[in-house]
Amino acid sequence: MTTLTLDAHSRRSNVLARRGMVATSQPLAAMAGLRMLLDGGNAADAAVATAAALAVVEPMSTGIGGDAFALFYDAQASPTQRVSALNGSGRAPAGLHLEDLHHAGLNEIALDSPHSVTVPGTAAAWADLLARHGTMPLGVVLRPAIEYARDGFPVSELIAASWQRGEAKLSRLPSGQELLPGGRAPRMGEVVCLPEMARTLQAIAEGGADAFYLGETGRRIADFVQTQGGRLDVSDLAAHRSTWDEPISIEYCGLRVWECPPNGQGLAALLALGIVAGDDLAAAAPIERWHLLIEAMRLAFADARRWVADPTFADLPLAELLSTPYLAGRRGQIDPLRANLAPRSGLPAAERRPLQPAPRSDTVYLSVVDGHGNACSFINSLYHGFGSGLVAPGTGVALQNRGALFSLDPAHPNRLEPGKRPYHTIIPALATQGDDLWACFGVMGGFMQPQGHVQVLVNLLDLNLLPQDALDAPRFCLQDGEAGGRVAVEVSAGAGLIDALRARGHDVVVTAGMERTLFGVGQVIRRDTATGVLTAGSDPRRDGCALGW
């Protein structure tokens, strides 16, 4: 068997097109989205087709049992309404209370616990995105995914490796075999069919999201979670709704950078960008730039991990956190020569317990821009690989473990409460120049995501790199998003830079090979505002590609 590594630095060219572009982490999924564009669909149609296909061909990272977020740029809307934010995350069961878990002696929700299963938001998110911005019926958009699941698809190399890492988790219960065709994880090049998932997708295609939440699939999911000791009920699924929220944004290098608001952690990316906005990063030496960005991320995480929560349950000081005086004050706390390994939130508040460790690469991100200039930045996830590992029998649906991110501290804004959405790691991003789309981009991968957004955007704007070069460049990662924790650095950053970071007090872990998936997987599509030409890159740390026409 061939030994798989990520040490080789293969060169990828930027992909250019005019009529439309799809970039994501698996070529078959990118092709599903491109099919929609070729058939006259727009960015929303292509995004849902791509996401659904990813649920089949990359099932450890995403699926119908997970959640989704999207930012949509509508080129035809008025300038003040062009960017909209879709929150497709699910809520905690109405019958699950903080006191119940305290009485059971728990101080956190385990990643494989049935209590980690929140209502899956994906099916509703797909339908709601199409209803507001799409042009094609859900049944048409889901066809490629159904074909892959029913007729089979060849497993690509890095996805095969991820599937094998999840084999033990899926093997705990008989229903997990629905995602282990032949009784084991598939190898690279094997053709896989997922018939149970195909039937679930077909039901959604024919009956819409209601077929999932109000039908047989929802009943099977709720019944199964309850047999495992969870509290999820059919009424929780029936009550689920996506929300359209006002996006949050900040000015950076003459652009406006957009993120979804909490309960997502996009706030962390905006905080870090706001902290470094006044610095000339282009002129800075690499050690100065890296040190400043790492320290800005430490401060951003200290705030985000204190304040990100479901805004319907907590009063979040977003305006103050993103204000120029506050960000300038945070910038003043950075020592240019020494790492701060104990940063605290800049607003008075009690400190919180650490969040559960986030996955390294168990999410999918996709970027789509159509020929009319519409864009969809879309992210879909189960949280950890195959989520909780609980697969509802007869559905092919692996259920997410997003509820593990709730705090069990009763004083914290992100504390567990019935019907509440937890802190969410998955975040899409957009950048606009004036009223025009400038870039549709994102980097998936747990707490790496805001760090990836910041580093890729700095590469694009401050260092003037093309999309593929911005994604190829080495990255750092504050591990598990711990503000004062260790910082992983890709070996390709070079020994000189790594030694200089250590000299400034950073606890550096040098990372290479398969561990490079720690640094997330990004996709970028840039749009030339004068010519409409699209330039795209796809992260070499995964199997994907950018496709255009």
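Throughout, read-outs are computed from the coordinates displayed, never taken from laboratory work. All values reported here derive from a predicted model rather than from experimental measurement. Positions of Cβ are backbone-derived with ideal geometry, glycine not excepted, and every protein chain shown enters the neighbour counts.
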Restricting to Cα pairs under 8 Å and 6 or more apart, the percent relative contact order of the chain works out to 25
With the convex hull built on the alpha-carbon atoms of segment 451-549, volume per residue in Å³ sits at 104
With label points set 7 Å from each Cα along the Cα-to-Cβ direction at A110 and R150, the distance between them in nm comes to 4.0
Note: A495 to A282 extended length (0.36 nm per residue) minus current alpha-carbon separation gives 74.6 nm
If unit charges are put on Cβ atoms (+1 for Lys and Arg, -1 for Asp and Glu) and the dipole of the chain is taken about its Cα centre, the option from M188, N14, A123 lying farthest towards the positive end turns out to be M188
Where a ≥ b ≥ c are root eigenvalues of the Cα gyration tensor, a/c under 1.5 meaning rounded, otherwise prolate if a/b exceeds b/c and oblate otherwise, segment 172-216 counts as oblate
So the compactness index of segment 77-196, its C-alpha Rg divided by 2.2 N^0.38 Å, takes the value 1.43
Residue by residue through segment 76-85, the couplings from Karplus 6.51 cos²θ - 1.76 cosθ + 1.60 with θ = phi - 60°, in Hz, x for Gly and Pro, are 8, 7, 5, x, 7, 10, 6, 10, 10, 10
Kirkwood-based Rg/Rh on the Cα set of segment 1-105 evaluates to 1.12
Neighbours of A500 by Cβ distance under 12 Å: Lys/Arg at +1, Asp/Glu at -1, summed charge +1
Kirkwood Rh over alpha-carbon pairs of segment 150-225 plugged into Stokes-Einstein at 10 °C, 1.306 mPa s gives a D in µm²/s of 116
log10 I(q)/I(0) for the chain, Debye formula on C-alpha points only (no solvent), q = 0.08 Å⁻¹, two decimals, reads -0.45
Here Rg/Rh (Cα, Kirkwood) for segment 68-145 equals 1.17
Quick calc: nm separation of the 7 Å Cα→Cβ label points for L173 and D435 -> 5.2
So, with points 7 Å from each Cα along the Cβ direction, the Q333-S13 label distance in nm works out to 4.8
Everything considered on the Cα gyration tensor (a ≥ b ≥ c; rounded for a/c under 1.5, else prolate if a/b is larger than b/c, else oblate), segment 314-454 must be described as oblate
Burial-style ranking of 289-297, 212-220, 427-435, average other-beta-carbon count within 10 Å with highest first, yields 289-297, 427-435, 212-220
By the mean-Cβ-within-10 Å protection proxy, highest first, 257-264, 363-370, 76-83 rank as 363-370, 257-264, 76-83
In order over segment 314-329: 3J(HN,Hα) from phi, Karplus 6.51/-1.76/1.60, θ = phi - 60°, whole Hz, x for each Gly or Pro, gives 9, 8, 9, x, 5, 4, 5, 4, 9, 6, 4, x, 5, 5, 5, x
So, over other residues within a Cβ distance under 12 Å of V192, counting Lys, Arg +1 and Asp, Glu -1, the net charge is -1
